[in-house]
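Everything on this sheet refers to the single structure shown next.
Each value in this text was obtained by applying a stated rule to the coordinates, not by laboratory testing. What you see is a predicted model, and the numbers here were worked out from it, not measured in a lab.
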Amino acid sequence: MEERAAKAYLRQLRMSPRKVQIVLDLIRGKDVAAAAGILKTTNKIACESISKLLQSAVANAENNHGMDVEKLYVASCFVTPGKLKGMKRVMPRARGGAARIVKRTSHITIVLKEKE
């Protein structure tokens, strides 16, 4: 029997992938209610965006795949780096030079599955 999975994506989040990865490591493998509680109580700036994405994934599971919300858990969640060249900034350096300031972006994916 094929295992069903509901996914949700967040593209071009204006936040460093490292900051997002710290929060995703906290919720990986947890059920949806526990993951939502962790995101609500954790004091990280990425929690707000990830919480909205988790709610979107739950809605996708319920409406598109007909899954039971009570049995859902975070099967996998990961972040990949997005584009760097969208926001170019420079900082003046010694002897009239300039150094790039890199404004990093992130692509986040959350996959939910049902427990047996």
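Couplings 3J(HN,Hα) for the range 3-15, derived from phi with the Karplus relation 6.51 cos²θ - 1.76 cosθ + 1.60 (θ = phi - 60°), are 7, 7, 9, 10, 10, 9, 10, 10, 9, 6, 6, 7, 8 Hz, where x marks Gly and Pro. Apply the Karplus curve 6.51 cos²θ - 1.76 cosθ + 1.60, θ = phi - 60°, to the phi angles in the range 55-62 and return the couplings in whole Hz, x for Gly and Pro. The phi angles translate into 4, 5, 5, 5, 5, 4, 5, 6 Hz.
Residues whose amide H comes within less than 5 Å of that of residue 78, counting only those at least five positions distant or on another chain, are 109 (H built at 1.01 Å from N in the peptide plane). Taking θ as phi - 60° and the Karplus parameters 6.51, -1.76 and 1.60, the scalar couplings of the range 107-116 work out to 10, 10, 10, 10, 10, 10, 9, 8, 6, 6 Hz in sequence order, x denoting glycine and proline.
Residues whose amide H comes within less than 5 Å of that of residue 67, counting only those at least five positions distant or on another chain, are 62 (H built at 1.01 Å from N in the peptide plane).
Along its first, second and third principal axes, ordered by size, the chain spans 65, 28, 19 Å in Cα coordinates.
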